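See below for the structure under consideration.
The values are calculated or read from the model by the stated rules, or taken from the named source; none is laboratory data. Quantities reported herein were computed from a predicted structural model and do not represent experimental measurements. Backbone-built Cβ (ideal geometry, glycine too); neighbour counts: all protein chains shown. Just so you know, the surface numbers come from the protein's heavy atoms only, side chains and all, with ligands and any DNA or RNA stripped out. Shrake-Rupley method; radii C 1.70, N 1.55, O 1.52, S 1.80 Å.
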Amino acid sequence: MRPLLETLFARRAQAVIPPPVGAEIAGAVPVVTSFTFGLADPRLFPKADLARATAEVLAEDGDAALNYGGTFAGLIEVVQQLMRARGVEAQPENLLIGYGSGQILGLLPQVFVEPGDVVIVEGPTFMGAVSRFAAAGARLISIPVDGEGMVVDRLEEVLRELARQGIPPRFIYTIPTFHNPRGCTLSWPRRQKLLQLAAEYSVVVVEDEAYYDLRFVGDPLPSLAALDKEGWVLHVGTFSKIVAPGVRVGWACGHPEIIRRLEMFRSEGSLGPFLGRVVARYCGEGRLESHIQLLIRRYREKCHLMLEAIAQCFPPEVKVEAPGGGFFIWCELPPPLSANTLL
Ligand SMILES: Cc1ncc(COP(=O)(O)O)c(C=O)c1O
């Protein structure tokens, strides 16, 4: 790089450039299974139904689909139904549809973070989100996660200490269900405590529910958004894990003041009329629900196979936690084995 050019970049653009998400998929050797991201099984992508939905949209509504336009109202209705299943009656003003939940997570710092502001995250967590917060200059404070999700007692200590120092954290980023990469789900008492803390310390909770629908066992727990009576929770969802990541459609659901401000910084404008119509058409007539049921069956089988393989092949001292759903199985190596060294 020419040294002069480098000096023109804003400070946040001078950071080391992370590899693009999915970059390794493009050149992947098929026999290698990457555990780097929450990658769906391409054999489960609903290609035929998406092809049919695309043809129908072009045949019946092609002029509107291919013209300039706002987010398709039918897609907003689909997201309202998904939110209803998560216990939330969302109105259109509570919703923002974006190009994947990644776009929405990337917009959060624009709305909430000045360089040096504190953002609370989990440790470990989804780097795809947290690297965006860090790139905007957020000071990250990480709260440990165990088999029951974020350790909220530790969160309370941190919030108390920040309040004592007069530092208001901008938001708390959490993955309550089938955590990436911890596999765990935030327990019911911890959900209540987290919301109580959010209200007590006036801090927004961003709940990233990318895996919410992929539950293998038990009944779903209410989302934080469903339990939230005071508007502190911004719920983020995605079609990436229940349809396909390549469609790039996700959403945020929360207080209209937050939604409007996220929208302000979305330089691409609203979701394209073509994409919105195709996804909404695909999801109609119960297709999405039955596809989710298929995914649950297949991912449950894969999880069992993986757990069997781990039981057979890993040293018995490795601690393994079977997840209740989602894509991740958490293993802890016995000391002195180090994950970094093993990698
Ligand atoms: C927790 C979590 N949030 C968000 C995403 C990204 O979703 P999207 O494809 O909607 O940007 C992922 C993908 O791996 C994820 O694991």
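Among 141, 97, 329, the residue with the largest mean-square fluctuation in a Gaussian network model of the chain, with springs joining Cα atoms closer than 10 Å, is 141. Packing, as the average of other Cβ atoms within 10 Å across residues, places the peptides 295-306, 164-175 in the order 164-175, 295-306, highest first. Of all DSSP-defined beta bridges confined to the chain, some 50% are antiparallel rather than parallel.
Across segment 278-343, the convex hull enclosing all Cα atoms gives 107 Å³ per residue.
Sorted largest first by accessible area at a 1.4 angstrom probe radius, with every protein chain in place, the residues 255, 179 fall in the order 255, 179.
When Rg and Dmax are taken over the Cα atoms of segment 63-198, they come to 17.2, 58 Å.
Within the full protein context, the accessible area of residue 33 is estimated at about 100 Å² for a probe radius of 1.4 Å.
From zero outward in steps of 10 Å, how is the percent of C-alpha pairs of segment 50-287 spread across the bins? The percentages, shortest bin first, are 7, 33, 35, 18, 6, 1, 0. Only Cα pairs under 8 Å and 6+ residues apart enter the sum, and on that basis the relative contact order of the chain stands at 23 percent. Largest accessible area first, the listed residues 184, 313 line up as 313, 184 when surface is computed with a 1.4 Å probe on the assembled protein chains.
Hey, how many Å between the Cα centroid of segment 88-140 and the Cα centroid of segment 168-228? The distance from the Cα centre of segment 88-140 to that of segment 168-228 comes to 15 Å.
With all protein chains kept in place, the per residue accessible area of segment 47-188 amounts to 44 square angstrom at a probe of 1.4 angstrom.
A 1.4 Å probe, protein heavy atoms only, puts the accessible area of residue 35 near 150 Å². Among the lysines of the chain, pairs at least eight places apart or on separate chains and with Cα atoms under 24 Å apart come to 5.
Taking the chain as a Gaussian network of alpha-carbon nodes connected by springs under 10 Å, the highest mean-square fluctuation of the residues 117, 208, 61 belongs to 61. Element breakdown for the chain at a 1.4 angstrom probe: carbon and sulfur atoms account for 57% of the accessible area.
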